[in-house]
Amino acid sequence: MNTPDDRYRPDPARDAAELTYEAAVARVQDAILARLRQQDPDADRLFPPGAAFTDALLDDDAMRRIGVATEAYGTAKHATDRMDLFHRLFEGTGDDDLPWTG
């Protein structure tokens, strides 16, 4: 039996809801990163300036930079046994932390 797979059909409303959710997550991560930059020189040194997570939403180069920075930050925190700082980047961004309207 062949049935259409609606997941692959263009759906502007679903796309807008996903982007809205991703933007909310990025704003939370940018706020956390701003606090970490004040406490941890590695965060300030490794991440791009400004709203790095928000910038990465629509810019492929910014997305690549945030990926490289996140990996480097995780490596630096692991080496100093401070993974708590790395995990802090993701606090409040879980599936149950922010409302999803999609």
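The values are calculated or read from the model by the stated rules, or taken from the named source; none is laboratory data. As the structure is a computational prediction, the values presented were derived from the model and not from experiment. Don't worry about glycine lacking a Cβ; one is built from the backbone with ideal geometry, like all the others, and counts go over all protein chains shown. The protein model used for the area step is the full one, side chains on, heavy atoms only, and it has no ligands, DNA or RNA in it. Shrake-Rupley method; radii C 1.70, N 1.55, O 1.52, S 1.80 Å.
Summary table below
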{"read-out": "For a label point 7 Å along the Cα-to-beta-carbon line of Thr80, residues of the range 20-39 with backbone N under 14 Å", "value": "36-39"}
{"read-out": "Spatial separation of Cα centroids for the range 61-95 and the range 8-31, in angstrom", "value": "21"}
{"read-out": "Unit charges on C-beta of K, R, D, E only; dipole of the chain, Debye", "value": "280"}
{"read-out": "Loop-resident sites, the range 13-101, for GluC sites (Glu not before Pro), counting at most 12 other Cβ within 10 Å (DSSP)", "value": "Glu91"}
{"read-out": "Within the chain, helix-based [θ] at 222 nm, where runs of 4 or more DSSP H residues each add -39,500 (n - 2.57), nearest 500", "value": "-20000 deg cm²/dmol"}
{"read-out": "Å² of accessible area per residue within the chain, as computed with a 1.4 Å probe and no ligands counted", "value": "69"}
{"read-out": "Inter-site label distance for Arg9 and Glu22 at 7 Å from Cα along Cβ, in nm", "value": "2.2"}
{"read-out": "Filtered trypsin sites (Lys or Arg not before Pro), the range 14-102: DSSP coil and at most 16 other beta carbons within 10 Å", "value": "Arg82"}
{"read-out": "Cα long-axis angle, helix 12-39 against the chain (0 to 90 degrees, to the nearest 10)", "value": "10"}
